[in-house]
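Below: the structure, in structure tokens.
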Amino acid sequence: MTTVEHHRAPNGFNLVPPPGWDVIPLRAGTKEAVDRIVRKAVAQLPAGFPKDDIPKARLSLTQEMKKVVRRASAKGGMTLYLPTERLHGIVLPVSFVASEPIEIPRVRPDSGPEAVLAALASEIPGAQTRELDDTAALRSEREVPADPTQGVDVAHRRVEYFVPVPDSVPDQYLAFSFSALIAPGSDPAFYDTLVELFDAVMGTFRWSYA
């Protein structure tokens, strides 16, 4: 008798963010996560910060957090990752978003996700194939110039990973998008380091079957 091996698609994934980062779920529990981050930030205000200005600082931070959350949600975001603790006195101007799974038709009926990745790689300059938890993925990197007409207020370095969900029917894909704001006159090596940090985080990617 021949034994048929049945595979099942994962129902999620796990990532290990860097120390000092927070995770904001965008499907449910968003408000609670934002409130927690705002409380933490207010608790970290300098000892000499005027008490009368604390409510204004709390309101300003809450509004900024809501703006970031709305922007991530509008782009199909599922989970938002943000640095919320200072590093050498500054909060890193970076974030990354895991997007909701999307369906993409196969290139041919008898082809798989690899053909889709190959087709995308041929269209995206500098795209590279990577492997995440035994799954072929596509990585791309580029600098996005500021263009207010396109809704891009500040230039930034963007790195994206495109990952097919194993054994999904129909074929589904996850996208992870990293963004680092580029300050005028800043050292490019600084942003190279931030990109390396994101790549290291993606190296912790594991599928979840629980």
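The values are calculated or read from the model by the stated rules, or taken from the named source; none is laboratory data. Just so it is clear, the structure is predicted and the values come from calculations on it, not from any experiment. Cβ sites come from the backbone with ideal geometry, for glycine too, and all protein chains shown count toward neighbours. Surface accessibility is based on the protein's heavy atoms, side chains included, excluding ligands, DNA and RNA. Shrake-Rupley method; radii C 1.70, N 1.55, O 1.52, S 1.80 Å.
May I ask you to compute the full-extension gain from VAL107 to ALA57, defined as 0.36 nm times their residue separation minus their alpha-carbon distance, rounded to one decimal in nm?
Length gained between VAL107 and ALA57: 12.9 nm.
For region 133-210, which whole-number percentage of the solvent-accessible area (1.4 Å probe, protein heavy atoms only) is attributable to carbon and sulfur atoms?
55
For LYS40, which lysines qualify as cross-link partners when the Cα separation must be under 21 Å and same-chain residues fewer than eight apart are set aside?
LYS31, LYS51, LYS56, LYS66, LYS67
For q values of 0.10, 0.18 Å⁻¹, compute log₁₀ I(q)/I(0) with the Debye formula on a Cα-only model of the chain, without solvent.
Log10 I(q)/I(0), no solvent term: -0.52, -1.44.
What ratio of Cα Rg to 2.2 N^0.38 Å holds for region 103-210?
Ratio of Cα Rg to 2.2 N^0.38 Å: 1.22.
Per the 1.4 Å probe, what fraction of the accessible area of region 66-129, in percent, lies on carbon and sulfur atoms?
So the carbon and sulfur contribution to the accessible surface is 56 percent.
Helix hunt in the chain: which complete DSSP H runs extend at least 18 Å axially by C-alpha with mean Kyte-Doolittle at least 0.0?
Membrane-span-like by this rule: 188-202.
Just to be sure I follow the definition: excluding the sites themselves, where is the longest run in the chain that has none of the trypsin sites (Lys or Arg not before Pro) in a DSSP loop with at most 14 other Cβ atoms within 10 Å?
Free of exposed loop sites, the longest segment is 107-210.
Where the only charges are on Cβ atoms (+1 Lys, Arg; -1 Asp, Glu), what is the dipole of the chain about its Cα centre, to the nearest 20 debye?
960
With unit charges on the beta carbon (Lys/Arg positive, Asp/Glu negative), name the residue among SER60, ALA98, LEU82 whose Cα is farthest towards the positive pole of the charge dipole of region 46-145.
Farthest towards the positive pole: SER60.
At 1.4 Å probe radius, can you tell me the per residue accessible area of region 48-152 in Å²?
Accessible area per residue, region 48-152: 66 Å².
Give the Rg (one decimal place) followed by the Dmax (whole number) of region 1-106, computed from C-alpha coordinates and expressed in Å.
Spelled out, the Cα radius of gyration and Dmax of region 1-106 are 19.0, 78 Å.
Residue by residue, what Karplus-based ³J(HN,Hα) values in Hz, rounded to whole numbers, does region 92-108 have, using 6.51, -1.76 and 1.60 with θ = phi - 60° and x for Gly and Pro?
Per-residue couplings from phi come out as 4, x, 9, 6, 8, 10, 9, 9, 4, x, 10, 9, 10, x, 5, 4, 9 Hz.
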